[in-house]
């Protein structure tokens, strides 16, 4: 009775080794999911449900963040904590780590802005800590700023291989890191304007996106493995669901101004050929032929997902100028505002040819008195289909101010923690809910930055 | 044939038979002229009269529970006989662990044996299923007969494993065989693999219930062992016996859920109209909240198909009360078998062939199975015997799906009551296009449809005939062995045992339905070998007896599969092949290797055939365990005393007490100890990126096997020469250090971690009461009743963790769970309940008078039953024999999503009830309709009585709140009944037949009582691989089967 074969219990069905870039690549595959979510579109009221109206009525249900931790974040944690995985053949180690940090910050930004306080410092430790404590959102923002700062300063010359997002172009990653830091800083405008201004300016001077070519875009492909989420839902050869129409709110914010993006965002109705939005939460008379369904260009198989864009950065700069965080005053605000709209047109329509006429429309043309509202509203139009981000900006600014309360239910101000945290991480969950919301883990608790 | 001279000498003998102890008359004693077939039985007074050929004849007296007696006639005319009670009848030999034969008298632990004839009463095809209700402490959860070979789940003495994977080891003639299951919790239920055993081959099944009985199986014996012994030919038999066995049954669905027949498809009672004013049925709604089925002339779905003869026509909107029932067909089950057995002085053999053909009650489902069994034994030299037992089984089936909305299962969940299923049966038009019922609405203006792709549901007949799933399995298991008797009492033997199968599964998703066409094919191959050595020594020294065994076993398993799935559609209609995949197909290949090396020894010492002590030990080394920590020991001890020998109280024919303690274990899955990565999706865009990711399950390099500690005590009593028997057992089993996939907070980076943790305890009693209340010359009644009561408790889970989630179900933004909590019984049902006023218990209502509900954390209590058992009665009257098998369960519960959805979608009669205004709940609220809601307003605290629109009310109560859809799982079921007639010799003298029996059989004829509502079957909650049934959804309908069975022996 000697020992068994050396390799008898070595799993031949799974790889025993991985490289940092393979793990980073997998983390990148989860990026479109941060945007392509019906719930996100309902929270921002971009889309309305044409059938089985449920999620757009904001039911009191929990939403899980587990898959983000277990999936992309855990892969990134491996990269950041296991030096042996980082192979120089894939490019400078410092650059691989920098990308991991930027993505980690980006994912956590998304998570904390949806739920509030979440595990950060003690998270992702496996058996070392199966019940991580919840960090305050303020601590998480500070940690995210630090991660992005580190990433910016550690990037060296030399590209990396196996990068789905920027094909290894580290300058684009650097610009993304700084743009993210700037956008995160803006989010703190109501809770800590001084800190916000300081981070904003540091990020700006470190170098942000300079054109649409710098956009952080997930490029879907025309094959089943890499296709756009909406294609699988809507394509008549797939599930063929005509479940989503443009919201009345969106159409109201676009149609009166002849917004050239509207024909991209939605289709004319089959009944009349007009653009007609469906009020969010409407449950009666929802014939799909009477409303503008989601635009063909948006749901085509290889339609890209815009995650962080140059136009968004320009809107941020316009707002910063308006707030006096950066120099230039109203002139700088207006310049950035119009530039943002031009870039948005270029992004969505393919060219900015119609931008001039649009910018002349009363209500669209910049007026300092309504500057903040115009910037915020046009940012919301630009962020179409990036519902969670638009919803966060709506919570911060209150614009657009024509979101409705479907069936009398207000737009939530956060999401409810995943129910199983009550089973699996009871004490820390209770502590976090008590600390932030006085014990009520509901949809209307206010996040730290949401004042 | 007779000859006159012999006849002339015939003598008539009479007399009385009495019991030796009490001198009471013994009725029913058989009196036979030895060496002939002439025989009579004694009457109620013990008297008999018989003719014998001459004075040399010998009379043989036989009676159950008494030693037979022979008396030579000589010159006597009256022969009175006293029979001695025979305690040695309790020397029944049972097959124990490792195939060691022991006298039942000497065992210090409970086993319960079921004879083969009781397993084939009604030709149940799955031997596990045929145990239902027959063994105390064994719970069988079956599946509907419509599944054709669906899973029959077996649990011994409660839930002993936190992960629910506590199925016993199945051993056939000493060969452990796989009872794996390829089914998932929804989809096609391919059933548990033990069904490859041909029930006709089974001589007996002995259930080793606790670790004391199964300790010799060590790391494989924690959850008990089902020891199956097959029939063998007999030696010394000069002639060959041929048996034919034939059964034909007709199967019909029974117990369908009731449905309402007043309102048809749609979401509103107001008719939808086309531009020309024609009313039409809303084909995009899969619910029955539509207009009244009052004969209104409307355009129904087929009138929108231009290729339909009724295109554009108006037809009356009327109910079709049997529309779901109409979907099911009459099934047939034809079973034919032949066995040939025999032997001579040095050889015995048995060959069996069996052919089963089933046509299911679901359209276009069928199953064919062939079994071939061969058993051989021959002396190849003096004291050297070779044996072989081989079974080959081939199964080929096309089975229906089951579970939530799978295949046609949506019928009772999402449906239009106005649909005529007979109209849908011709699901394909001559031009090759398909008729469906659930489409997007037409353009109101033109009344034409542009898109004929079904929206949510395919025509059920399209599902049945086009989206088929096929499976095939070739299986060979058995053993070859040599045993050598070294000297009197000492035998050594060696065996090679094997179980090999190849399982193929393929499924098709056709063009023309709601889903992208798809083809899947998988091939799963398993090869298990056991190389075994056993030395046995039996010896009596004066008052002492010794039975000693030593052995060793090497277990070697190799399991592989290769499965492929097309992606992105198929290139050619009707061509189902991986080659037709439009995108790169998904492929999975898998290899598993495992070895187990074991040594064991067992000794039993008896004194005066009255006191017995046993001890055993086994060592196991498993390749699945960490290398430096892979060897574990499993001991057991037991003792018994036949106290009836000591007290000598006549009515007590036999009495034994027994106690035991044992440890057994269970192994873990291979590859659970080292970390790996998983292959992610390949990004093929401007650049191709191969990705890997960190798995969600955290492996553990320090894992240990789980241990069971079992304590057991029992009492075995038989009275009145065995006419009455009682077997009582008390047990306590503590299963420690369970290997569980503990659900952890996902924020740790993992969804679950494999850990050793937990302590789960089962305590219980088992009672088997057997009786022969009546036994006369022509009539006898035998009855066996068993009962078991088990108490389960999770003593602890993992430090800091007091809940473990076994199952999660999600539907319409609402979760439900099967959880275990430390301090409570296993398997609590968790879901959303009504919010209630603390003081009055009344439900709380929102401002719309709709009920408020809790979060999905309400504990509805355990799903485990309080008591299970069964009763078998056999009545013999002359040549007739009637057997009936009843099984029952007390307690337990389950959640029915089928019922909940039937209410939510307006199918259930509840949705057309009369309210206390005497109005239909669907009538307008202004006219007194609506569901009456009584509760307390959460806002004002005031008591509220209100009437609410049923669609809105059940949109909450039958969607978000699980409280009303939880049902008690108690039932009493007549599972099997058989009325047989054995033809007497004289009736068949013109035939070359030794014996013949013709029977009427009924399987599952009657649910005598159940607590759950009609249409749900609490005894058929098994859903494929789901360890414990708790969430019923889309259960296949109950099938009742009636047939005839003919057995002929030549």
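Here, each number is a calculation from the coordinates, and none is a lab measurement. This is a predicted model, so every value here is computed, not measured. Every residue, glycine among them, receives a Cβ derived from its backbone with ideal geometry; neighbour counts consider all protein chains shown.
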query = Can you pull the semi-axes for segment A:86-210, root of five times each eigenvalue of the Cα gyration tensor, sorted largest first, whole Å?
reply = 25, 21, 10
request  = Mind pulling the per residue volume of the convex hull built on the Cα atoms of the protein assembly as shown? Å³ is fine.
outcome  = 205 Å³
ask   = In whole Å, what are the Cα extents of segment B:90-252 along the three principal axes, biggest one first?
value = 51, 41, 24
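Please list the three semi-axes, largest first and in whole Å, of the ellipsoid equivalent to chain A, using sqrt of 5 times the eigenvalues of its alpha carbon gyration tensor. Don't jump to the answer; show the numbers that get you there.
Working: eigenvalues 250, 141, 114 Å².
Rounded to whole Å, the semi-axes are 35, 27, 24.
Output the direction-averaged projected area (hull surface divided by four) of the convex hull of the alpha-carbon atoms of segment A:285-389, in nm². Could you put the intermediate results ahead of the total?
Details: hull surface 34.0 nm².
So the Cα hull casts an average projection of 8.5 nm².
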ask   = For chain A, what's the relative contact order in percent, using C-alpha pairs closer than 8 Å and at least 6 residues apart?
value = 21 percent
query = In µm²/s, what is D for segment B:458-567 at 25 °C and 0.890 mPa s, where D = kT/(6 pi eta Rh) by Stokes-Einstein and Rh is the Kirkwood radius from Cα pairs?
reply = 133 µm²/s
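What's the average, rounded to a whole number, of partner chain beta-carbon atoms within 10 Å of each residue's beta-carbon in B:670-679?
On the way: counts 5, 7, 2, 3, 5, 4, 9, 12, 5, 6.
Partner Cβ neighbours, averaged per residue: 6.
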task = State the volume of the convex hull built on the alpha-carbon positions of segment B:845-994, expressed per residue in Å³ and rounded to an integer.
result = 214 Å³
remark   = Quotient of Cα radius of gyration and Kirkwood radius for segment A:224-299, i.e. Rg/Rh, equals 0.99
key: Rg [Å, one decimal], Dmax [Å, integer] - segment A:310-451, C-alpha atoms   = 18.8, 58
task = Compute the relative contact order of segment B:4-85 as a whole-number percentage, counting only Cα pairs closer than 8 Å that sit 6 or more residues apart in sequence.
result = 36 percent
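Arrange B:301, B:1044 by Cβ neighbour counts within 10 Å, fewest through most, would you?
In order of increasing Cβ crowding within 10 Å: B:1044, B:301.
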ask   = Regarding chain B, what are the three Cα extents along the principal axes, ordered largest first, in Å?
value = 109, 74, 67
query = If you wrap a convex hull around the Cα atoms of segment B:4-85, how much volume per residue is inside, in Å³?
reply = 82 Å³
inquiry  = I need to check one value: relative contact order of chain B, counting alpha carbon pairs closer than 8 Å and at least 6 residues apart, in percent.
reply    = 12 percent
task = For segment B:33-72, divide the Cα radius of gyration by the Kirkwood radius and give the resulting Rg/Rh value with two decimals.
result = 0.95
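Taking neighbour Cβ counts within 10 Å as the exposure measure, how do B:117, A:122, B:1020, B:595 sort from fewest upward?
Ranked by crowding around the Cβ, least crowded first: B:117, A:122, B:595, B:1020.
Using only Cα atoms, figure out Rg for segment A:96-170 and give it as a multiple of 2.2 N^0.38 Å. Mind showing how you got there, number by number?
Details: Rg = 14.1 Å, N = 75, 2.2 N^0.38 = 11.3 Å.
Normalised by 2.2 N^0.38 Å, the Cα Rg of segment A:96-170 equals 1.24.
What is the Rg over Rh value, at two decimals, for segment B:434-515, using alpha-carbon atoms and the Kirkwood definition of Rh?
Details: Rg = 29.0 Å, Rh = 18.2 Å.
Computed over Cα atoms, the ratio is 1.59.
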key: Debye equation applied to the C-alpha atoms of segment B:824-920, log10 I(q)/I(0) at 0.14 Å⁻¹   = -0.86
request  = Please give the helix A:137-154 orientation as an angle from the longest Cα principal axis of chain A, in degrees from 0 to 90, rounded to the nearest 10.
outcome  = 70 degrees
task = Using just the helices of chain B, give the 222 nm mean residue ellipticity in deg cm²/dmol: DSSP H runs with n ≥ 4 each add -39,500 (n - 2.57), and the total is spread over all residues, rounded to 500.
result = -1000 deg cm²/dmol
inquiry  = Using a 10 Å cut-off around each Cβ of peptide A:230-242, what is the average number of partner chain Cβ atoms that fall inside?
reply    = 3
query = Listing A:135, B:669 from the residue with the fewest other Cβ atoms within 10 Å to the one with the most, what is the order?
reply = B:669, A:135
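Other chains near A:62-72: what is the mean number of their Cβ atoms within 10 Å of each residue's Cβ?
5
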ask   = Can you tell me the Rg and the Dmax, both Å, for the Cα atoms in segment B:675-826?
value = 25.7, 91
